[in-house]
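Read-outs throughout are calculated quantities, based only on the coordinates presented, and are distinct from any laboratory measurement. Here the structure is a predicted model, which means the values were calculated and not measured. All Cβ positions, even for glycine, are placed from backbone atoms using ideal geometry, and neighbour counts span all protein chains on display.
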Amino acid sequence: NDSHNDRIPYKGWNHYFPDEVYESISQTTFRTRVAENFFNRIIKSLKLSELEEQKYYKLDSKILLNDEAFLSEWPSFPEDIKDNPAHTINCLGLALHQVASKLDGYDPNAEFPAIRIRLINFEPVVPIKEIKAGLFGKLVTVRGTVIRVGPAKLLCVRMGFACTSCRRPQTVIQKDGVYTLPKSCISSECKSRTFAPLCSSHLTITRNLQIIKIQESIGDSDHRSDGGRVPRTIEIELTDDLVDVCCPGDNVTITGIVKVNNSEENPRKRTPNLFILYIEGVSIVTSKGSGGRLGQNNLEFSLKDYYAIQELHGEHDLFRLLVNSVCPTVYGHEAVKAGVLLALVGGAQGAGRRPNIHVLIVGDPGLGKSHMLHACTSVAPRGVYVCGNTTSSSGLTVTLTKEQGGDFALEAGALVLANHGVCCIDEFDKMTSQHQALLEAMEQERMSVAKGGVVCSLPAHSTIIAAANPAGGHYNRAKSLIENLRMSAPLLSRFDLVFILLDKPNAYLDSLLSEHVMALHAGSKKMKMYLKSALSSSVSSDFENTQERQDISLVERLKIRPGEKIDLVPQELLRKYIAYVRKYVPTPKLSEKAGQILQKFYLELRAQHREKESTPVTTRQLESMIRLTEARAKVELREEATEEDANDVVELMKLTLIDIYDDGKGVMDFKRSHNGSGMSQASKGKRFIAALQRRAQLENKNTFFIDEMKELCSIMNLQVTDFTS
């Protein structure tokens, strides 16, 4: 046997074809020779030490398929790589091994490891739902999100056995890791059929193995058409250098061979033979590998898309058009839509700064909050929608499950699955027990797990857009925001924008809203917002003049005038545009003037909040404004945020602050706490009157002097400066 090995001109033949006897004229040797010529032609610099250390070589399949000289010698290669991948990849591996053996520094007596060929860019990408029995044994490329990562294990490739009677050792190949015993003893005299495995012998060779599970990508374009079914998942078997390259929540593209596994539900019962399809990984490309940029969402851009984005970018008032395209079924609420659009785009990514903008929409029932969240999920390049009252804490973050051998496996929840995307949470007020789980994810953008012997942390760079109903069903202006929401102050402070939607009766708006709803139900197929109204004559739509634009408020500028025609951006194009913005404008800069405007507004806020008992304004608010200004520049594909961007953001912040601090009587009361349970003006009044009534009963009088009232206020720690108004 050894003399036969010496006659083989290929050094690592037994690594790649252990079952095949070498013949000088065979299909395998011919193909290996062709591949060897190809490698000699294209590889200019190959480091032996690097190959020996890595034990793999990344090969772009497009180079092979476009090489005419290679295909003229091996014309059936495109079919062979698809239909007989294991043999074809081994031929390529052996050829590279042969090329490496001719390099300087190669020691023929030393054991050189097998080199695994990692084929990348193999097309087409097959949807997970289409992997069925017909693809068994073929090479496929799938794309999805990692939802579960199992522990790393050892897979036995060759096992050493010793004969129990004569102790002669021999090696048996364990195909696909299935335990295989020798058929007979290699000694001609010995007739023994019993063997003992030699686990710690040099004859036993093992390799690393890890099983991960991927789910079809959340952002797939066809996922809305068949949304009623459970998302498909498939297990991937990773070996050697592919182990531990991905973690839950990663977007991955995997090339591998479709294989089957016997499902042992109960081996004792005589059940029909059931098999489960899985993929044996040949190569894996994670979203981290391409820089880990925001928006690694596997959206492919065609030439047609680039032209459409270019045309869209040339529109006159792009921000207004995009804001009104976000959720056309909901009428009005332009400020909320603007905030949501900025959140979808995100701020600039920098070291140690979070680019994600979190938005909270609070309001009375029936104002279209859930509609807006669904719209966000559909236009976000990667969106996950969850409803608060049916979500558990582990379903939101990450779960540790115990495997059969006692090892732990990680399973990703909604926030980890929405990594580099948007997680929309409806009924946010119904999930009070899960709020603590969000604190870390929203500010540090990580998810930490510490359970029985396992401490780990996963990335969760997701933007959170949440909608909540106030406690009691209706927003009470007399109470502060926290009292209305029953939400913890630290969580509330993590939201960059908090919008409060109130259902106020207004004859003009109600008539427009009813017209909009009627138009939707009348079946206006084209997404054109065209509202004819008796009131249209009284409203001027002439605000093209730039001088006038300075005077008109942001909300007025964004509004669609009654009688005005506007061609809205289709959902699919808007989704591509947002993905394009996130990918190609990652880090816009603030101009000096924009920075000054933000700083001035922030210092004004600080000055107003220096009084005792008012809301603490921290650098978080300043960072929020910077992020929003960067996002405002990104929306229009600009590398620098201008003065106008900063003014728009300041106006948006003022709108949210007016919502929070208005006490219902048109007075801005900055002593109302946004973050604490601080009393609103009305609740102070109630406490003061109650104390007066108690004192009146005690002292048996019904008239008090102003000095007595002031004294009572100071005892109760109520800061009231003016009694006469």
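Partners of K191 within straight-line reach, counting lysines whose Cα lies under 23 Å from its Cα and excluding those fewer than 8 residues away in the same chain: K183. Fewest Cβ neighbours within 10 Å first, please rank T642, T618 accordingly. Starting with the residue having the fewest Cβ neighbours, the order is T618, T642. Considering only Cα-Cα distances, which of the following residue pairs are longer than 32 Å: K58/K451; K129/K402; K129/K451? K58/K451; K129/K451, as the Cα separations exceed 32 Å there. Using a cut-off of 29 Å between Cα atoms, the listed pairs K504/K634; K55/K213; K11/K82; K337/K583; K175/K213 include K504/K634 as exceeding that distance.
The modelled label-to-label distance for the pair S187/E280, using points 7 Å beyond Cα in the direction of Cβ, is 3.5 nm. What shape does the range 303-584 have by the C-alpha gyration tensor, where a ≥ b ≥ c are the square roots of the eigenvalues, rounded means a/c under 1.5, and otherwise prolate means a/b greater than b/c and oblate the rest? The shape class here is prolate. The 3J(HN,Hα) values that the Karplus relation (6.51, -1.76, 1.60; θ = phi - 60°) gives for the range 377-394 are, in residue order, 4, 7, 9, 6, x, 9, x, 10, 10, 10, 10, x, 6, 10, 10, 9, 5, 6 Hz. Gly and Pro appear as x. Each residue in V245, V635, V260 was given a count of other beta-carbon atoms within 10 angstrom of its own, and listing them fewest first yields V260, V245, V635. Remark: C-alpha extents of the range 93-164 on the principal axes read 49, 43, 26 Å, sorted largest to smallest. Take the Cα coordinates of the range 101-210, assign each an equal point scatterer, and use the Debye formula without solvent to give log10 I(q)/I(0) at q = 0.14, 0.19, 0.22 Å⁻¹. Cα-only, vacuum Debye calculation for the range 101-210: -0.88, -1.07, -1.20.
Here's the list of lysines a cross-link from K710 could span, going by alpha-carbon distance under 19 Å and ignoring same-chain residues fewer than 8 apart: K612, K671, K684, K686, K701. Listed by chain and number, the lysines whose alpha-carbon sits under 20 Å from that of K430, ignoring those within fewer than 8 places in the same chain, are K369, K479. Phi angles of the range 308-318 translate, via the Karplus equation with coefficients 6.51, -1.76, 1.60 and θ = phi - 60°, into HN-Hα couplings of 5, 5, 5, 5, 5, 5, x, 4, 5, 10, 4 Hz per residue; Gly and Pro are given as x. Can you bin the range 2-120 into rounded, prolate or oblate? Criterion: square roots of the alpha carbon gyration tensor eigenvalues sorted a ≥ b ≥ c, rounded for a/c under 1.5, prolate for a/b above b/c, oblate for the rest. Note, shape of the range 2-120 comes out oblate. Look at L139, L712 and count the other Cβ atoms within 10 Å of each Cβ; fewest to most, that gives L712, L139.
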